[in-house]
Amino acid sequence: MPELPEVQTVVNTLMPHLVGRTIKRVVHLRGDIVEPAGFDLVTHLHGRRVESIHRRAKRIVISLDDLNQLYIHLGMTGRLTIEPPDRAREIHTHLVLDIGERELRFRDPRRFGGIFWLGREACDADLGPEPLTLRARQLTECLSATTRAIKNALLDQTVIAGLGNIYVDESLFAARIHPLTPADKLTSDQIARLNQSIKSVLRRALKHRGSTLRDYVDAEGGKGAFQRLHKVYDREGDPCSACRRPITRIVLGGRSTCFCVKCQPLKRARRRS
Ligand SMILES: [Zn+2]
């Protein structure tokens, strides 16, 4: 699933093609990928100019010249690509915007993603803070409110917004924190380490244009390269890069979780004072 680095890379590659362009034609092929249900995208998008595009969490937020906004979520298999109009449309293409010389196409075979009309509403009323600008003090506040395993807390978009399975596993490994550690039991050292690790993992992933495991490509069809640098994610049984012990995989909250039992020991919870 595309997470912060992949979504940011899509936004970066969309920007030069989309910003300042007028939407000349809208082909909306599948109704049930829009929220609110039944929303008339064609009427609301036709003739509008794209003012700006930015990422918030895993959302691609598009602002229009009439001050309305919408966002696109790529879900598991979503792709938002710029294509020449004469290129055959792939199956599962749900929306096409003619922006003159090029088309913006949204394709999502599994349909966990979608298009969300915001109008003049904020794009992030239901989201936690962004991890790249998060301070350790804020992270402490975010995590002290939950007794859940740190892995699950970090996946919760209302706690911190933008992380998913890949970058949570990689950040916990870098911070040497066991994924089952209760979020409210992390020491201040662990939180400081975690905050640093999240940032450094995300920055490296951004530099490598994200991770392509199966479907992910940027708006110009380019794949990410960070998957080659994953230390634990999807590496069950491989030797740990630090201690050579095989990477362990467990299922936590229905999600696959990979970590090193030696480098990420589960410390006995400290009593609350
Ligand atoms: Zn290890």
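The values are calculated or read from the model by the stated rules, or taken from the named source; none is laboratory data. Note that the coordinates shown come from a computational prediction; the quantities given were computed from them, not determined experimentally. We place every Cβ from the backbone using ideal geometry, glycine too, and count neighbours over all the protein chains shown.
Computed values, structure above
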{"read-out": "Pairs where the first residue, in region 219-247, is more than 9 Å from the ligand (Cβ to nearest atom) and the second is part of a loop (DSSP other than H, G, I, E, B) and aromatic (Phe, Trp, Tyr), C-beta under 7 Å, 6+ apart", "value": "Gly224/Tyr216"}
{"read-out": "Residue within region 81-103 that is under 19 Å from Gly162 (Cβ atoms), in a strand (DSSP E or B) and out of contact with any Ser or Thr (no Cβ under 8 Å at 6 or more places or on another chain) present", "value": "no"}
{"read-out": "Subset tally (residues that are buried (at least 18 other Cβ atoms within 10 Å of the Cβ) and either among the polar types (S, T, N, Q) or touching a residue at least 24 places away in the same chain (Cβ under 8 Å) (or both)) for region 92-104", "value": "7"}
{"read-out": "Options Arg89, Arg111, Arg107; residue that is closer than 21 Å to Pro36 by Cβ, among the basic types (Lys, Arg) and either within 19 Å of the chain's Cα centre (by Cα) or surrounded by fewer than 15 Cβ atoms within 10 Å (Cβ to Cβ) (or both)", "value": "Arg111"}
{"read-out": "When residues of region 248-273 are limited to those that are more than 15 Å from the ligand (Cβ to nearest atom) and over 28 Å from the mean Cα position of the chain (by Cα), the one modelled with the lowest pLDDT", "value": "Ser273"}
{"read-out": "Top-ranked residue of region 117-126 - restricted to ones that are in contact with a strand residue (DSSP E or B) (Cβ under 7 Å, 6 or more places away or on another chain) and part of a loop (DSSP other than H, G, I, E, B), ranked as surrounded by the fewest Cβ atoms within 10 Å (Cβ to Cβ)", "value": "Asp124"}
{"read-out": "Region 1-39, residues that are of a type outside the set (Val, Ile, Thr), closer than 19 Å to Ala57 by Cα and not in a loop (DSSP other than H, G, I, E, B)", "value": "Leu4, Pro5, Glu6, Gln8, Asn12, Leu14, Met15, Glu35"}
{"read-out": "Boolean, Val61 is closer than 28 Å to Ile160 by Cβ, among the β-branched types (Val, Ile, Thr) and touching a Lys or Arg at 6+ places or on another chain (Cβ under 8 Å)", "value": "yes"}
{"read-out": "Region 31-48: number of residues that are under 28 Å from Ala161 (Cα atoms) and in contact with a strand residue (DSSP E or B) (Cβ under 6 Å, 6 or more places away or on another chain)", "value": "6"}
{"read-out": "Subset of region 134-149 [touching a residue at least 40 places away in the same chain (Cβ under 8 Å) and assigned to a helix (DSSP H, G or I)]", "value": "Ala136, Leu139, Thr140, Leu143, Ser144"}
{"read-out": "Flag for Gln190 being within 25 Å of Leu266 (Cα to Cα) and surrounded by 17 or more Cβ atoms within 10 Å (Cβ to Cβ)", "value": "yes"}
{"read-out": "Those residues of region 253-266 which are part of a strand (DSSP E or B) and within 12 Å of His178 (Cα to Cα), in sequence order", "value": "Thr257, Cys258, Phe259"}
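Residue-wise test of (1) among the aliphatic types (A, V, I, L, M); (2) under 14 Å from the mean Cα position of the chain (by Cα); (3) assigned to a loop (DSSP other than H, G, I, E, B).
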{"site": "Ile160", "(1), (2), (3)": "yes, yes, yes"}
{"site": "Asn195", "(1), (2), (3)": "no, no, no"}
{"site": "Asp218", "(1), (2), (3)": "no, yes, yes"}
{"site": "Lys231", "(1), (2), (3)": "no, no, yes"}
{"site": "Ala242", "(1), (2), (3)": "yes, no, yes"}
